[in-house]
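The values are calculated or read from the model by the stated rules, or taken from the named source; none is laboratory data. As the structure is a prediction and not an experimental result, all values here were calculated from the model. Note: ideal-geometry Cβ built from the backbone for every residue, glycine included; neighbour counts use all protein chains shown. Surface accessibility is based on the protein's heavy atoms, side chains included, excluding ligands, DNA and RNA. Shrake-Rupley method; radii C 1.70, N 1.55, O 1.52, S 1.80 Å.
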Amino acid sequence: MKKFIGISSILAGAAICCGIFFGFKNSDERSFQIVKSLDVFNAVFKELDMFYVDTIDPKEVIEYGINAMLAKTDPYTEYYPEEDNTLKEMTTGKFGGIGSVIRYCTSRKLVAIIEPSEGNPAAEAGLRAGDLILEINGKDMSQGNRTPNEMTSYVSDNLRGEPGTLCVIKVDRPTSDSTYVPMEFKVTRGTIRTNPIPYYGMLNDSIGYIYISTFSMEGCSKEVKKAFMELKREGATSLVLDLRSNGGGLLNEAVEVVNFFVPKGKEIVTTKGKLKQAAYSYRTKNEPLDLEIPLAVLVDGNTASAAEILSGSLQDLDRAVIVGNRTYGKGLVQTLRNLPYNSTMKITTSKYYIPSGRCIQAIDYSKRNADGSIARTPDSLTHVFYTSAGREVRDGGGIRPDIEMVEEKVPNILFYLVNEDMVFDYATLYRIKHPQIAAIEEFELTDADYEEFKAMLKKRNFTYDRQSEAVLKNLKELAEFEGYMENASEEFAALEKKLRHNLDLELDRFAKQIKPLLKEEIVKRYYFERGAVQEALKDNPNLKKAIEVLQDTTLYNKVFEVAKK
């Protein structure tokens with residue numbers, strides 16, 4: 001009996017212990033899995049480091065693992081090791097360097113200067129777009145075993161440095177006869193700051209225009225304020241804010257710009273996340289600059305994040321007419337978290353909601369398809385919200401403009417002309433042959449210029465893959481496989497003849513789309529980014545519509561009317 005009681009007590013005690021253990025495990029299963037997984041990861045790395053046949057780079061392998069882990073979240077959650085200065089540049093918009101955009105040149109396997117920024121050391125020293133970088137401070141900048149991306153990063157790292165230090169750059173400069181002349185430039189590095197307002201000016205006697213390219217650094221709103229006040233002094237009684245291709249940046253800078261046009265104390269955006277710390281409300285803190293001036297805001301598919309907050313909140317508050325195409329749809333907010341050894345993590349901590357209460361995030365990264373792909377939220381699953389005046393707006397897919405423009409389809413040939421540097425190279429040759437051009441307002445690309453461009457393409461044996469030919473080839477293979485070719489061979493031959501590559505014909509057919517790109521690239525060589533923006537505004541249908549709305553008070557006010565039900 002005593003033995004039985006003893007065994008029973010032991011079993012009962014074991015059962016109680018198991019109950020406690022499993023109770024703990026069931027209540028904190030996730031914590032257990034985290035500890036277990038980290039332990040396994042640590043063990044795997046140790047075994048790999050000790051027994052793998054070749055020596056592995058621990059930093060490279062661990063970083064790869066970290067990035068693979070973050071790939072399971074969203075594109076905005078990123079890890080930055082100590083030596084990566086990208087994050088600092090993103091948040092401040094400043095870095096030490098020469099002030100020039102660079103890109104890998106496939107034909108020469110060298111990195112080329114694409115655009116020296118106006119007023120910065122590269123432009124002041126005489127470097128030009130098209131110069132191919134051979135050496136920096138005596139270091140060879142040829143490709144070697146590096147990939148194009150590695151090559152571009154390598155050149156970029158060598159161009160950057162402390163402001164005030166000397167950078168000796170040896171380049172190959174193209175000539176009019178397609179040869180290259182080696183040249184050397186001594187450039188004193190400076191503090192390079194991204195210009196958030198590449199261009200602003202008067203469109204006519206009464207309409208001002210401001211192009212805001214980014215909100216990625218502190219002080220953007222001050223630049224917008226400065227431009228706006230100057231335009232008002234010049235007689236602006238209405239205003240176009242151009243946010244096309246503005247990828248966003250600092251939330252508070254966008255809120256500051258909204259504050260210029262809406263009263264103090266207005267809630268512009270709220271953030272909500274998993275933790276209480278992620279919840280925050282951004283309100284206008286200052287007295288506005290102008291509550292009455294009519295506003296039109298231009299947006300497109302590349303308008304994102306903070307730029308969507310600006311356009312979306314002005315729409316929700318019935319303060320501006322939004323013109324263009326539906327915006328990107330980024331309603332996620334990132335926070336910086338410090339990690340050991342001076343590394344940093346940018347992590348998505350919340351979603352933002354604009355005045356109507358809607359979130360404009362277009363993609364739910366937590367819901368992936370079986371193949372790992374992610375789709376935008378379909379319109380059928382979006383929800384209706386209301387502006388201050390009671391107009392219907394929707395969530396889940398970016399900002400839909402009040403006046404939606406038809407998006408012009410880009411011909412396939414255009415992609416190849418740009419991607420293979422044909423547009424860029426022609427602009428380089430044009431700059432060599434023409435030391436000066438007319439003022440931007442007067443500049444035109446002549447028929448002779450376009451014929452010269454076509455001749456350059458022929459000389460270089462330019463070809464491109466046409467989608468129609470690829471589809472026809474696949475259809476022929478399928479027809480042969482299913483046994484239809486014998487009866488359809490004549491039809492296929494006739495279709496092939498009609499689809500035969502005719503470069504002259506296609507360059508003439510798509511001249512309307514190609515010429516503006518050529519003009520922008522050429523103008524940029526003489527008037528930098530501000531010139532390219534001005535050139536792009538010529539005959540722009542979206543801008544024309546914005547001007548039309550601002551000039552017609554009845555049409556402007558009609559946008560804000562609530563639809564009768």
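Could you give the accessible area per residue of region 385-528, probe 1.4 Å, as a whole number in Å²?
Heavy-atom accessible area per residue stands at 62 Å².
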Self-check item: Listed peptides 174-181, 68-75, 414-421, 326-333 by packing density, highest first (mean Cβ within 10 Å)
Solution: 326-333, 414-421, 68-75, 174-181
Quiz prompt | region 211-277 versus region 117-192: alpha-carbon centroid distance in Å | solution = 35
Quiz item: Using the Kirkwood formula over every pair of different C-alpha atoms, what hydrodynamic radius in Å results for region 364-482?
Solution: 20.5
Quiz item: Binned at 5 Å from 0, what are the whole-percent values of the Cα-Cα distance distribution for region 23-141, short to long?
Solution: 2, 8, 10, 12, 12, 13, 12, 9, 7, 5, 5, 3, 2, 1, 0
Quiz item: Where the only charges are on Cβ atoms (+1 Lys, Arg; -1 Asp, Glu), what is the dipole of the chain about its Cα centre, to the nearest 20 debye?
Solution: 2020
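Quick one: putting +1 on the C-beta of Lys and Arg, -1 on the C-beta of Asp and Glu, what dipole do you get for region 142-290 around its Cα centre, in Debye to the nearest 20? Show your work: numbers first, answer last.
Values: 20 positive and 17 negative charges, 129 e Å.
So the dipole magnitude of region 142-290 works out to roughly 620 debye.
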Quiz item: Per the Kirkwood definition applied to all pairs of different Cα atoms, how many angstroms is the hydrodynamic radius of region 149-255?
Solution: 17.3
Self-check item: Rounded if a/c under 1.5, otherwise prolate or oblate - region 36-76, Cα gyration tensor axes
Solution: oblate
Quiz item: Using modelled amide H (1.01 Å from N, peptide plane; none on Pro or chain starts), what sits under 5 Å from the amide H of Tyr386, excluding residues fewer than 5 places away?
Solution: Val393
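Please give the length that would be gained between Glu82 and Thr179 if that part of the chain were fully extended, namely 0.36 nm times their separation in residues minus their C-alpha to C-alpha distance (nm, one decimal). If you can, show how the numbers build up before the last one.
Values: separation 97, 0.36 × 97 = 34.92 nm, distance 4.25 nm.
So the chain would gain 30.7 nm between Glu82 and Thr179.
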Practice problem: Treating the Cα atoms of region 233-289 as identical point scatterers in vacuum, please give the log10 of the normalised Debye intensity I(q)/I(0) at q = 0.13, 0.16, 0.17, 0.28 Å⁻¹, two decimals. | Solution: -0.46, -0.65, -0.71, -1.13
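Does region 321-425 come out rounded, prolate or oblate by the C-alpha gyration tensor, with a ≥ b ≥ c the root eigenvalues, rounded set by a/c under 1.5 and, if not, prolate when a/b is larger than b/c and oblate if not?
Values: a/c = 1.80, a/b = 1.06, b/c = 1.70.
It comes out oblate by the Cα gyration axes.
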Exercise. Please report, as a whole percent, how much of the solvent-accessible surface of the chain comes from carbon and sulfur atoms (probe radius 1.4 Å).
Key: 54
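In deg cm²/dmol, rounded to 500, what helix-only [θ] at 222 nm does the chain give when every DSSP H run of at least 4 residues adds -39500 (n - 2.57) and the total is split over its residues?
Helix-only estimate at 222 nm: -13000 deg cm²/dmol.
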Practice problem: Return the Rg/Rh value of region 417-494, two decimal places, where both radii are evaluated on C-alpha atoms and Rh is the Kirkwood radius. | Solution: 1.29
Quiz item: Once phi is turned into ³J(HN,Hα) by the Karplus curve 6.51 cos²θ - 1.76 cosθ + 1.60 with θ = phi - 60°, what whole-Hz value does each residue of region 114-129 show in order, with x for glycine and proline?
Solution: 9, 7, x, 6, 4, x, 9, x, 4, 5, 5, 7, x, 5, 10, 4
Practice problem: Please quote Rg/Rh for region 118-170 to two decimal places, taking the Kirkwood radius as Rh and restricting both calculations to Cα atoms. | Solution: 0.97
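State the antiparallel share, in %, of DSSP beta bridges confined to the chain, rounding to the nearest 5.
Numbers: 53 of 69 bridges.
If I count the DSSP bridges inside the chain, around 75 percent turn out antiparallel.
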